[in-house]
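The values are calculated or read from the model by the stated rules, or taken from the named source; none is laboratory data. Fair warning: this is a prediction, and the values are worked out from it, not measured in the lab. Here the Cβ positions follow ideal geometry from the backbone for every residue, glycine too, while neighbour counts run over all protein chains shown. Side chains are part of the model used for accessible areas, which takes the heavy atoms of the whole protein and leaves out ligands, DNA and RNA. Shrake-Rupley method; radii C 1.70, N 1.55, O 1.52, S 1.80 Å.
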Amino acid sequence: MKRVHQRLLDWYETDGRHALPWRNTRNMYHIYLSEIMLQQTQVNRVRDEYYPQFLEKFPSLEALAKAPQEKVLGAWSGLGYYSRARNLHKTAQLVQTELPKTEKELLLLPGIGRYTASAICSFGHEQTIPVVDTNIARVIKRYFALLEPKEKLVWEKATTFVNAQAPRAHNLALMDLGSLVCLPKNPKCSECPLEVVCLGKEEPELYTQRKKTIYESLDLFYGICIKDGKIALELSKEKMYKDMLVLPRVEPLEDDFLTVFKHSYTKYRLQVHLYRLEEVDENFTWQALQTLEDAPISSLTKKALMCLDLS
Ligand code: SF4
């Protein structure tokens with residue numbers, strides 16, 4: 001095992017993604033924020049856009065805790081899965097200045113599951129614990145040749161594999177290996193530091209067959225009502241957009257058609273139709289067009305405004 005661990009660390013030393021900003025800090029808030037953002041969002045988008053912008057607005061847990069929720073949702077706008085931002089905010093308000101240091105305590109906080117808690121403990125405090133995200137799970141399943149294992153078994157195997165001498169680097173190496181080498185399709189086994197001992201290398205894809213996602217097509221219809229440089233938005237009634245501002249829904253209209261665009265959201269493939277609206281009732285919020293950038297609007301609303309060149 002010692003030699004395998006060393007091979008993995010050597011590979012990480014030369015090929016790992018060391019430049020990611022959250023890997024060059026021991027600021028627990030920064031690490032925590034990156035882990036929450038990286039759930040469901042690509043590394044490049046987090047690194048180049050959202051992570052630096054969010055930290056500029058909320059540089060510490062205290063600053064985040066003091067901010068009104070609409071500002072936090074506004075900074076999250078476009079990232080999707082807004083419950084992440086609401087939970088981040090709630091956690092900041094609960095802990096105020098410092099995150100707990102143990103997995104057990106972290107798990108009691110809103111929006112922190114086993115992966116996030118272990119990532120904070122491993123990457124921030126160098127604790128000897130396993131970390132299992134989608135990429136690491138793929139490596140573990142193949143390395144140990146686990147056919148359709150329960151999640152619990154994957155965590156158990158990851159636990160037996162942790163390198164107690166360098167747990168942080170070991171977990172980061174596995175994460176990068178899954179992301180760069182042990183790919184879902186056509187893994188590059190000949191470049192893999194684990195190849196000599198990997199039990200699944202003959203048929204790697206056998207151990208990580210994915211269920212086919214069934215997509216649902218939907219047509220949605222929204223109205224655009226602008227007066228005096230302000231646009232009519234309403235607080236969403238949908239759970240996934242709780243506390244976010246969205247465009248008014250309308251019935252399909254024959255006249256006043258503006259444009260149509262495509263948008264994807266989880267399993268939904270949407271055709272979004274936009275219409276000009278002359279009037280809305282008084283339940284709407286009038287948002288100045290020049291303040292839209294910081295407003296808590298959904299990515300769908302953002303895209304609609306971009307299509308009309310209003311963002
Ligand atoms: S040898 Fe191939 S299947 Fe095994 S861990 Fe490496 S890339 Fe994945």
Quick one: putting +1 on the C-beta of Lys and Arg, -1 on the C-beta of Asp and Glu, what dipole do you get for region 216-307 around its Cα centre, in Debye to the nearest 20? 560
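Counting each DSSP H run of 4 or more residues in the chain as -39500 (n - 2.57), what helix-only mean residue ellipticity at 222 nm follows after dividing by all residues, to the nearest 500 deg cm²/dmol?
Rounded to the nearest 500, it is -10500 deg cm²/dmol.
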Report the semi-axes of the equivalent ellipsoid for region 216-282 in whole Å, largest first, where each axis is √(5λ) for an eigenvalue λ of the Cα gyration tensor. 21, 17, 9
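Over the alpha-carbon set of the chain, divide Rg by the Kirkwood Rh and report the Rg/Rh ratio to two decimals.
Working: Rg = 22.6 Å, Rh = 21.8 Å.
Value, to two decimals: 1.04.
Which of the GluC sites (Glu not before Pro) found in region 174-215 are loop residues per DSSP with 10 or fewer other Cβ atoms within 10 Å of their Cβ?
Details: sites: Glu191, Glu195, Glu202, Glu205; in loops: Glu202.
The qualifying sites are Glu202.
Might you tell me the accessible area per residue for the chain, computed with a 1.4 Å probe and given in Å²? Numbers along the way, then the final one.
Numbers: 16850 Å² over 311 residues.
Here the residues of the chain average 54 Å² of exposed surface.
Tell me which trypsin sites (Lys or Arg not before Pro) from region 223-311 have a DSSP coil assignment and no more than 16 other beta carbons within 10 Å of their own.
On the way: sites: Lys227, Lys230, Lys237, Lys239, Lys242, Arg249, Lys262, Lys267, Arg269, Arg276, Lys302, Lys303; in loops: Lys237, Lys242, Lys267.
When the trypsin sites (Lys or Arg not before Pro) of region 223-311 are filtered for loop state and at most 16 Cβ neighbours within 10 Å, Lys237, Lys242, Lys267 remain.
Hey, any idea what % of region 161-279's accessible area is carbon plus sulfur with a 1.4 Å probe? Present the calculation step by step, with values, prior to reporting the outcome.
Details: 3600 of 7160 Å².
Answer for region 161-279: carbon and sulfur cover 50 percent of the accessible area.
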What's the carbon and sulfur percent of region 1-69's accessible surface, probe 1.4 angstrom, rounded to a whole number? 48
Within region 1-87, trypsin sites (Lys or Arg not before Pro) in DSSP loop having at most 14 other beta-carbon neighbours inside 10 Å: Arg17, Arg26
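Out of all DSSP beta bridges with both ends in the chain, state the antiparallel percent to the nearest 5.
Details: 17 of 27 bridges.
Here the antiparallel bridges make up roughly 65 percent for the chain.
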